[in-house]
Structure formats: structure tokens, C-alpha cells
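Quick notes on the structure that follows.
What follows draws every value from the coordinates through simple rules; no lab data is involved. Bear in mind the structure is a predicted one, so any value in this text is a computation, not a measurement. Ideal geometry is used to build each Cβ from the backbone, glycine not excepted, and the neighbour counts take in all protein chains shown.
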Amino acid sequence: MTHFGKFIIFKWVSSNFVGSNKALLSSMMSLFNIAESPRFFRTKRVVQTENGQSINPVSRTAAQTALLEYLYVTRNIQFTDADSMSKNSPHFLEKLLAKVDIDADIGQSITRFLCFHPINEFEPFFESLGLKPHDYNPLLPRDLMFLCDDGLLLENYHVLCNYGIARSKIGKIYKEATEVFRYDYGVLALKLKAYEELGLNKSFMIKLVVCSPYLLIGEVNADFVKVLEILRKQGVEIIRMEEHLSEKSSYDWSKLLSLLNLFGHAGYNEEQLGGLISQHLGIFFEDSVDRIYLLIGFLLKFGSTMNQICSMFLQFPQMKFEEFFSNLRHCFLFLNEIRMEAREIQNIFCSDPLMLGSCRLKKPNTLRLALHAADKRMCEVIQENPQVLKKWVMGSKVERLQNLILKSRMLKTKFLLDLGIVDDSNEIGKALKVFRGSGEKFQERFDCIVEAGLSRKEVCEMIKASPQILGQTKDVLEMKIDFLVNNVGYPVSYLVTFPSYLNFTTQRVELRLAMYNWLKDQGKSVSMLSLRSLISLSDKRFIDENVNSHPRGPQIWQDLKKEIYDE
């Protein structure tokens, strides 16, 4: 993992955290408030001068023609430049019209005014490049009024125009990489050629320069080259990258490189990374890298492992990350509004973020009326079976709550009876309270344990002994079984004698084993402990009986803990 990836994520994960409702809600609100942009609605614009006088289209055209004639004939500015400046600087034109008599002949009034009042040509020039007055005012030269006095600006501007970049996009380049317009003659063309020599075609380059102007500053950007190498290695062609680049966005290739490296070092093998990039290339080019980091940090902070997060992205739905993130935000606002406890919200978010990000929920008031249910009852139903949220999305027909509860109980009852987990109808009520979730999910989790190499009868006995097993997702169960077999070295059949192993985190198991083995390596006489005893002991008892038995034990314990949990 790169330094940048560690910094962003562990800034979240290692921050001081108090597990109160208030702290949890604050953290979750922080995630979504930072990322959520205000929504703007465009209204029809009435064209007026600065003094409030309305301008009809004919007068506006006459004013543009007079300005074009002044710039081209009087000031000797190239015709294409003058034409663009006169037609694409509405704010400047309105300011100019406010200084003349618009009831007279507009063209003559402007021509007469310009004869005696030279304008600052940089204003209409910058505006024609797509900049607003508040953007270009700080950029105006203090001691220049005429474009011809800044030969390098015009030279580099023409290099970009001739390369094929739209004039209205060049303002973004000027604003984000002003140094480019100070290059000596011929330098900018060489920089563009250097990127072309990486195998990039001109249409890709045009998009790239607009969305990442800073790439033209200094040498060929090393981070961009590395990203290009990773994507090409995974079989991504330039034409696919070009499809996902947006000229409206601004890309930070160092952050994108850090994200790709994070996935590569934190759980994906080469094939999985290739699958993620190939199937979901768009999420890396949506200008959403910062939000992806925030989401990863959020899930880590509230209990998810990096393996679970990697698995989530491998199964990411075919939708834009912005839409996915927006759905998560609305789910959080929904659960918060119905007054669900912060800890329960945390559990739901960590257990199935993919489901939440795929759902656009109806508003709480709509559901209160449709379900004939109060907030407390809705919270209970969601906590028992979070999958019910999929039935409450926008555009769906909502069943009354009582019907949903009956269907859910029937499915769970059928599951429990079919497997013989309960064989007495009198036990059903007690069992339903223990087995929280949907019948479909229980079956999926049950099957994944069977597929690991156990018989159905053995798994049934395991679940009877430790029903909490089925409260975990399929991915988590598979990860824990894999860790037991490939890291701890025990056969999968060990689960039959110790099913509660699946209720402990892999970090806990790894930490206890690492500490126990270190003590043995030091020649310390430690009591022989089975895996069951090793991980079942409370932290206090394990530390008292084992960690504290060696002078360096407490320090080694802390070092191992930091190393394992940071990973």
C-alpha cells in the first residue's frame, strides 16, 4: 500500500473513536456531508445590461459585430480569435452595453465608444475560453491591456487550438496550469509529442489535457505513466480509457495510482484486480477517487475487513459510483430519520453495503403511511431482516408490514424445519428470535459451509450449537474457513468440534497464535492450549496468564496487535 493510501485510510481508521451513538452518527454524517454536493437548478436567464436594461437578440448581434470589427480591424487580432472573443463573452458584452446608449444604433454607439475608450482585451479573451468573471479577474495581468503585448500567451493558446482543443475548454487549462502559457516557443508542442510517444492518440490527448492540465507541467508525469502501465497490463485499451475520461472532471493521477496499488496490495490477486478494472473501469474515472477512499475508511472504521471490502468491489453493480454513493447516503438518512440506534446502522452498513448502495429508498413518511407502521416497528423489521429494504425502493409497490413479517417468518420456519435444526413446533418461536435475517440468506450461508467440505448433518449440528454463525455474510464465512485451513493449518472438519471458531475474527485468531508462538520461541514454559482455548479466553485472562509471563510480552503484544490490525 502506498504512503498516500495509508494516510487517507488510517486518518479515518486510527482516529480517536468513542463508541457512543453521537460519535458513530457524527462519523457517518461526516462521510456523507463531505461528499455530498449541493444541487443547483438552472433557471432561464433574462439578458440584461448591468443597469437593468433588457437587450433583444438583434441588438446583441449588432454589439457582437461592432466588437468583432474593433478587435479584428482596429486591434489586428487574428480573425478567428476576434470572432470567438466577440461571440463568447456575454458578461463583458453586457458590461460594454451598459456604457452606451442602447436606444440609439447599437453598432455605431459601441464603435464610437471604443474609439475613445480602449478595453482590457484580456477580459473578453479569458471569458471566451470558458472562464467566468470571478474566475478570470484574479488572473488579469496588472500592467497589460492588449493581447499583442503577451506573445507567449497567444503562442501557447494557438498551439492548443491547432492541436484540436476547443477554445471554450482552454480556460480550464489556463486556470489549473497557468505555467503552460509561459512556455517559450516550441516547448508546449514538444510536451504534447512526449505523451503521444507513450502510444496515446490525439483524441485521447485532447481529453487528457483538458481534464488533467497539470500533466503538461514539467516532465512526463510518472504517476500517469504507472497508471497507464497497470491498465494496459490488465488489457485495457486506450479507446476504453478515452470513453471514460470526462473533460468536466479534474483527475489526480497520483491518487488513482494509490487506489490501484491499494487494491493490488490489500487483497486482490492479479486475476481479481484485472477483473475489477475490466468490469468496473468507470468507477476509477468518475472523479470519485476521494469518495472511494472515504467509503473504504468508513467501512474499515466500523468493522469491515479489507478482504470484505475487496470482495464488495469485485461484486460492484453495473452503476456509477456516484449513484451508488448517493444511495448509501439516502439509506443512512432514512435509518437515522426513523431513529435507528447508531450501532444497528453500523451493523447494517457493514453487513451488506452492496445492497444498500443499490437501493434508492422511498422517503420515511411515504413508508410510514404505506406500511401503517411507526418508526420503532420499522427499525425492528429492518434489524431482523435488512433485505426488506429492497422491497421499499422508489417505484416499487409496498406490501403492508404484517404481510412482510408473515412471509419472512414462513421462509425462516421452512428453512429451520427442512434442515431439522428444530423438530418441535413449540421450539420455532424461540429459534426465530435467535436466527435474525432472511430465509434465503440463511440457505446461502448454510450451503457455503457445506461446500467447504462438511456434510449437511454436520453443519446442522454446528448451527444448533452456535446459531450466531448464520448471522454472518457468505463472504465472511468463506474468508474465516479459508484462514483456518490455509493459515492456521487445521482441517475444515475441525469446525464440527469447535463451530464457535466462526464467531471470532481472523485478526483475533492470528494475534493469539502469533503471541503464543513467540512465547514458545523464547523458551517460555507456556501451558499447552488448544485452538479453542487459545481464542476463547477473554483478553484479560489471556494477557494475565500468557502475555505477562514474559518481561517483553506486553510490548510484543502491542507490536503484533498494531501490525495485524493495521493490515
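The table that follows gives values for the structure above.
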quantity	calculated
Cβ-derived FRET efficiency at R0 35 Å, GLN318 paired with LEU190, nearest 0.05	0.25
Full-stretch length increase - ASP287, LYS414 - with 0.36 nm per residue and alpha-carbon distance subtracted	41.0 nm
Segment LYS390-VAL492, length gained on full extension (0.36 nm per residue, minus Cα span)	33.3 nm
Spatial separation of Cα centroids for segment 180-218 and segment 246-285, in angstrom	23 Å
ARG360-ARG142 pseudo-label distance in nm [points 7 Å out on the Cα-to-Cβ vector]	5.1 nm
Cross-link reach list, aspartates and glutamates versus LYS520, counting only Cα pairs under 12 Å and skipping chain neighbours closer than eight places	none
Gain upon complete extension [ASP103, ARG541; 0.36 nm per residue less C-alpha separation]	148.4 nm
Sites VAL58 and SER250, calculated FRET efficiency, Cβ-Cβ separation with R0 60 Å, nearest 0.05	0.95
Label-point separation in nm, SER326 to ASN548, each point 7 Å along Cα→Cβ	5.6 nm
Euclidean distance of C-alpha centroids, segment 529-551 and segment 74-135, integer Å	81 Å
